[in-house]
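Structure first, commentary second.
What follows is calculated from the coordinates using simple rules that are stated; it is not laboratory data. From a predicted model like this one, the values you see are computed outputs, not experimental measurements. Cβ: placed from backbone, ideal geometry, glycine included. Neighbour counts: every protein chain shown.
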Amino acid sequence: MANTKSAEKAARQAEKHRAQNVALRSRMRTAIRKVTDAIARGNREEARKYYTAAVPVIDSLVNKQIVHRNKAARHKSRLAARIRGMST
C-alpha cells in the first residue's frame, strides 16, 4: 500500500488510467473481430466497411500510446491483405 499522499494519488490515477486503457483496447479488439468475422463469412463489402471503421480506432490507440505503432501497423496490414485476398 502507498505510504505517502502523493503515492496514494498516483495509485488512484493509475487505476483510473488502467480502466480506461482496458476499455479502449477492448474497443480495438472488437473492431478487429468485426473485420475478421466478415472475412470468415466471405462478405468482402462488409469486411471493407468494418476495416475502414477499424483503422481510426487502431490509430487513436497509437496516438494515446496504448498500443505500439508497429503492432497497429501489423494489424492493419494483415487485415488489408486478407481483404485483398478474398475472391471477388
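So which trypsin sites (Lys or Arg not before Pro) in region 1-82 end up in coil per DSSP with only 13 or fewer other C-beta atoms within 10 Å?
Those that pass, being in a loop and sparsely packed, are 64.
Hey, which of these cross-link pairs are over 26 Å Cα-Cα: 16/71; 16/76; 16/64; 34/71; 9/64?
Result: 16/76 exceed 26 Å.
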